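Working notes, beginning with the structure itself.
The values are calculated or read from the model by the stated rules, or taken from the named source; none is laboratory data. None of these values were measured; they are calculated from a predicted model. Cβ placement follows ideal geometry from the backbone for every residue including glycine, while neighbour counts extend to all protein chains displayed. For accessibility, only protein heavy atoms count, side chains too; no ligands or nucleic acids. Shrake-Rupley method; radii C 1.70, N 1.55, O 1.52, S 1.80 Å.
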Amino acid sequence: MSLRSLLSQWQRQCYREQKPKSIVGGNLGWTIPPGGAATYASWASKYTFKVNKDLLGFNFEAGENDLILVTKENFHTCNTAEPFLQFEGPVYIGSANPGTLYFTCSFAGHCQKRQKVAIDFEPSSNLACCLVQVQVHVPWPVRVLPMNLRPPNISK
């Protein structure tokens, strides 16, 4: 059996029961929140997200918003000039290690208008099988953020 088929089999095993946990912001999706600063923080506080288990959907129209992963400092100051990662269309995000991931939009003024969310991922009992990009049956691309892709100052 080739390494490629072994990895494929391993990915299917890890994600065969995987389903998206939630769409960030619920029915609002990923946009400038009409409720201000508390909108996304309140939404996130209702959930517990697990490493190597939960996928979060960021639903938005390409060209109207984007999604960037930033450091904690850049999250709080709305510095969107140096994102760690950027997604220009809807995406599902998971994490391969525990800690807080900081997301915002790089479009002018969106972060200042509180289009940002900090997501805590807690440890889970799943094996660390998410260290590679995977495809599951969802309508958008899936990106799993492995430990070696985290900037050094993302909180743990």
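This table checks each residue for (1) farther than 21 Å from residue 22 by Cβ; (2) touching a Pro at 6+ places or on another chain (Cβ under 6 Å); (3) open to solvent by 30 Å² or more (accessible area, probe 1.4 Å).
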position	(1), (2), (3)
33	no, no, no
38	no, no, yes
42	no, no, yes
55	no, yes, no
84	yes, yes, yes
94	no, no, no
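Among the numbered conditions (1) aliphatic (A, V, I, L, M); (2) more than 15 Å from the chain's Cα centre (by Cα); (3) buried (at least 19 other Cβ atoms within 10 Å of the Cβ), the only one that residue 70 does not meet is (2).
Only one of 27, 52, 74 is at pLDDT below 95 and closer than 20 Å to residue 120 by Cβ; which?
52
Among the residues of the range 96-112, those identified as open to solvent by 10 Å² or more (accessible area, probe 1.4 Å) and closer than 17 Å to residue 39 by Cα are 102, 109, 110, 112. Within the range 84-99, one or more residues are more than 26 Å from residue 124 (Cβ to Cβ) and touching a Ser or Thr at 6+ places or on another chain (Cβ under 8 Å).
Within the range 65-99, can you find the residues that are without any contact (Cβ under 8 Å) to a residue 40 or more places away in the chain, β-branched (Val, Ile, Thr) and part of a strand (DSSP E or B)?
Matches in the range 65-99: 68, 70.
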